[in-house]
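Chemist: For reference, the structure I am asking about is given below.
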Amino acid sequence: MVDQAGAHKPKDPGSGWYTVAVPASRSDAKLLLLATGAVLLAGVVVAAVLLLATGRASSPTRYQPFPAGVASSIRNELKDGGPYFFPDPFGGDRNVLLALEGGKVIALSDIRPGTKDCRVRWRGSIDSFVDCHDQKIHSTELDRYRTAIAITGRDKDELLIDLRHREPAPTAA
């Protein structure tokens with residue numbers, strides 16, 4: 001039987017569905033608590049496994065040569081898309097602008113020589129580097145970091161950049 005509001009009513013008052021909430025029994029409450037605890041414990045175990053599986057040693061705090069990527073891939077990306085910014089992986093202030101110069105990958109300092117904080121960036125719209133005053137600057141006017149390509153070991157074929165050794169710009173010499 002259905003009333004005007006569309007709710008089902010029992011045919012006789014003594015048999016039918018409850019229309020009020022019934023509190024959970026003691027055994028139901030224990031089961032709910034146990035299931036909740038099991039789900040939380042499983043979540044903690046999964047999180048711990050993920051942390052152990054993906055965890056790496058913390059970043060080095062001292063500067064040392066670091067792999068920036070496969071040298072041939074970087075060269076191809078630079079040919080296709082121009083220079084790009086590479087932040088200091090040690091959390092310092094020695095950011096790198098990767099570029100091509102004479103077909104060779106170079107790691108340029110993003111600070112204009114002779115200044116302490118005049119940052120240089122690549123501006124693709126004018127196909128040039130610009131400094132903090134929007135003045136065009138050539139790659140040969142920028143200091144550079146020593147680079148090498150690893151030929152053996154774990155980093156084989158990787159472009160290694162050494163932020164400890166900044167060499168003066170070729171036009172400054």
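Chemist: Report, by residue number, each residue of the stretch 107-130 that is open to solvent by 20 Å² or more (accessible area, probe 1.4 Å) and touching a residue at least 40 places away in the same chain (Cβ under 8 Å).
Modeler: Hits for the stretch 107-130 are P113, W122, G124, D127.
Chemist: Any residue in the stretch 90-103 that is in contact with a strand residue (DSSP E or B) (Cβ under 7 Å, 6 or more places away or on another chain), basic (K, R) and free of Cβ contacts under 8 Å to residues at least 40 places away in the same chain?
Modeler: Among the residues of the stretch 90-103, not one is in contact with a strand residue (DSSP E or B) (Cβ under 7 Å, 6 or more places away or on another chain), basic (K, R) and free of Cβ contacts under 8 Å to residues at least 40 places away in the same chain, which makes the answer no.
Chemist: Just one of (1) open to solvent by 60 Å² or more (accessible area, probe 1.4 Å); (2) closer than 22 Å to P170 by Cα; (3) not aromatic (F, W, Y) trips up T152, so point out which.
Modeler: Among (1) open to solvent by 60 Å² or more (accessible area, probe 1.4 Å); (2) closer than 22 Å to P170 by Cα; (3) not aromatic (F, W, Y), T152 violates only (2).
Chemist: Scanning for something open to solvent by less than 100 Å² (accessible area, probe 1.4 Å), touching a helix residue (DSSP H, G or I) at 6+ places or on another chain (Cβ under 8 Å) and either charged (D, E, K, R) or in contact (Cβ under 8 Å) with a residue 24 or more places away in the chain (or both), does the stretch 62-73 turn up at least one residue? Let's see the steps before the verdict.
Modeler: Restricting attention to the stretch 62-73, the residues satisfying the condition of being open to solvent by less than 100 Å² (accessible area, probe 1.4 Å) are 63-73.
Now narrow it down to the ones that are touching a helix residue (DSSP H, G or I) at 6+ places or on another chain (Cβ under 8 Å): 68.
Checking which are either charged (D, E, K, R) or in contact (Cβ under 8 Å) with a residue 24 or more places away in the chain (or both) leaves us with 68.
Among the residues of the stretch 62-73, at least one is open to solvent by less than 100 Å² (accessible area, probe 1.4 Å), touching a helix residue (DSSP H, G or I) at 6+ places or on another chain (Cβ under 8 Å) and either charged (D, E, K, R) or in contact (Cβ under 8 Å) with a residue 24 or more places away in the chain (or both), which makes the answer yes.
Chemist: What pairs come out if I take residues in the stretch 141-164 that are closer than 10 Å to F66 by Cα and pair them with residues that are surrounded by 17 or more Cβ atoms within 10 Å (Cβ to Cβ) and of a type in the set (G, A, S) whose C-beta lies under 7 Å away, six or more apart or interchain?
Modeler: T147/A107; E158/A71; L159/A68; L159/A71; I161/A68; I161/A107
Chemist: Just wondering, is there one or more residues in the stretch 54-63 that are in contact with a Pro (Cβ under 9 Å, 6 or more places away or on another chain), at pLDDT 75 or above and either under 30 Å from D157 (Cβ atoms) or in a loop (DSSP other than H, G, I, E, B) (or both)?
Modeler: No: the stretch 54-63 contains no residue that is in contact with a Pro (Cβ under 9 Å, 6 or more places away or on another chain), at pLDDT 75 or above and either under 30 Å from D157 (Cβ atoms) or in a loop (DSSP other than H, G, I, E, B) (or both).
The values are calculated or read from the model by the stated rules, or taken from the named source; none is laboratory data. Owing to the predicted nature of the structure, the values given are computational and were not obtained by experimental measurement. All Cβ positions, even for glycine, are placed from backbone atoms using ideal geometry, and neighbour counts span all protein chains on display. Ligands, DNA and RNA are stripped out before the accessible areas are found, and what is left, the full protein with its side chains, is counted by its heavy atoms. Shrake-Rupley method; radii C 1.70, N 1.55, O 1.52, S 1.80 Å.
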